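Novice: Quick one: this structure, given as structure tokens, is what I'll be asking you about.
The values are calculated or read from the model by the stated rules, or taken from the named source; none is laboratory data. Only a predicted model underlies this, so the values are computations on that prediction, with no experimental measurement involved. As a convention, Cβ positions derive from the backbone with ideal geometry for all residues, glycine included, and neighbour counts pool all protein chains shown. For accessibility, only protein heavy atoms count, side chains too; no ligands or nucleic acids. Shrake-Rupley method; radii C 1.70, N 1.55, O 1.52, S 1.80 Å.
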Amino acid sequence: MNGTQRWIMHVDMDAFYASIEQMDHPELRGKPVIVGGSGGRAVVSAASYEARAFGVRSAMPLSVALRRCPRGVRMPVRMERYKEVSRQVMAVLRRYSPRVEQASVDEAYLDASGLERLFGPVDALARAIKADVAEAVGGLTCSVGVAPVKFLAKIASEMRKPNGLFILRPEETAAFLAELAVERIPGVGRHFLEALHALGVRRGKDVLRYPEDFWQRRFGKAGVQLLERSQGIDPREVEPFAPPKSESAETTFSEDTRDPAVLRRWLFRHADRVGRSLRKQKLCGRVVTLKIKYADFRQITRQTTLPLPTCATQTIYEAALALLESVRLENRVRLVGVGVSAFDATPHQLSLTPGVTPEETEERRARLDRTLDALNERFGKRIVTCGRLLDKE
């Protein structure tokens, strides 16, 4: 980059869903707002900072959240509204840099390298972006982290929430990482953290006590990445468009179940939903994943790799069903989900030899699905549907 200092900026909207609800409903400002679904098994999608003061967090069962915060105001999820505001935020960021990578509906990375020549020092740039975002979306605030690499920019954006700004300069990075708790480093989950604590590794400086071959031997790629992150190494670039890595659908049941018929029915629903989305995006995947969460919240996943990439509902369903039948259910099931990954967007070249080959079976299924998709697109959702989707939910 011809000696130009590399700056990555992470822009994270503050309590995004809940803040939009408070903006759209002024009477809720200053009150604890909890955004979530309905029903006894609903979970919290977002919570305002007033609700967080009571210990309310995302993904918490809504019933628990309301016990902790009895005066919390529950609002339904309005995803289309949140996406609308998100588009306004991203439009502001793209006025500053062509290299903007949207990480989710409420956060994005921006490559700010070299922008000093246009907008002044990086701290002035960050403050200008914060002000422009607030003006564009009715006063909603964002927190911004700036650092030489991606993962540190994200950590920096969390340092002074809400409405914060934290800049980690290259000369400060080593000292910052030395004292950083290892659970703050991306890739360190609960089980990995327990193993690290057993080794006496609690901060970034502890990771550096062991050489690379130790981390490779003990934890493989995850261990090597931990060592690299502890040294501030992250070669990932800001990617203006990141193709989807997976497509999935899942359901939390209103009542826990072990009924095979119920599980099979929901597997087909999810296979249908995932298949339709893949076909719309012109994607096919080779890996099908089954996700099961038990009543005690233990979670398992199983995967299978298909011989051909697919977007066919029936093929996805059959693979998921085979995975389900391979699992000995240890408890009643709270949630079941189906996902497809390892995408291949290139159409598979079919063999036209006599007989029904796997390729021809896959093509027939995909052709039928595309016909149903086209009919439903033209005449309305579910004008034509598979009989087993007519069962009661």
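Novice: Go through (1) open to solvent by less than 30 Å² (accessible area, probe 1.4 Å); (2) in contact with a strand residue (DSSP E or B) (Cβ under 7 Å, 6 or more places away or on another chain) one by one and return the number of the condition Gln299 breaks.
Specialist: (1)
Novice: Could you tell me how many of the residues in the range 219-230 are on the phi < 0 side of the Ramachandran plot and either exposed (fewer than 14 other Cβ atoms within 10 Å of the Cβ) or hydrophobic (A, V, I, L, M, F, W, C) (or both)?
Specialist: 6
Novice: Further question on the same structure: Look through the range 261-283, keep the residues that are of a type outside the set (Val, Ile, Thr) and without any contact (Cβ under 8 Å) to a residue 40 or more places away in the chain, and return whichever of them is most open to solvent (accessible area, probe 1.4 Å).
Specialist: Arg273
Novice: Do we find that Arg68 is touching a Phe, Trp or Tyr at 6+ places or on another chain (Cβ under 7 Å) and open to solvent by 70 Å² or more (accessible area, probe 1.4 Å) in this structure? First the steps, then the outcome.
Specialist: On the way: touching a Phe, Trp or Tyr at 6+ places or on another chain (Cβ under 7 Å): yes; open to solvent by 70 Å² or more (accessible area, probe 1.4 Å): yes.
When the stated conditions are applied, Arg68 passes them.
Novice: Out of Met79, Met75, report the one residue that is more than 25 Å from Lys245 (Cα to Cα) and either surrounded by 17 or more Cβ atoms within 10 Å (Cβ to Cβ) or without any contact (Cβ under 8 Å) to a residue 40 or more places away in the chain (or both). Please lay out each step first, then the result.
Specialist: Working: Met79 fails: more than 25 Å from Lys245 (Cα to Cα).
It is Met75.
Novice: Collect the residues in the range 285-295 that are over 22 Å from Arg328 (Cβ atoms) and open to solvent by less than 30 Å² (accessible area, probe 1.4 Å), keeping them in residue-number order.
Specialist: Gly285, Val287
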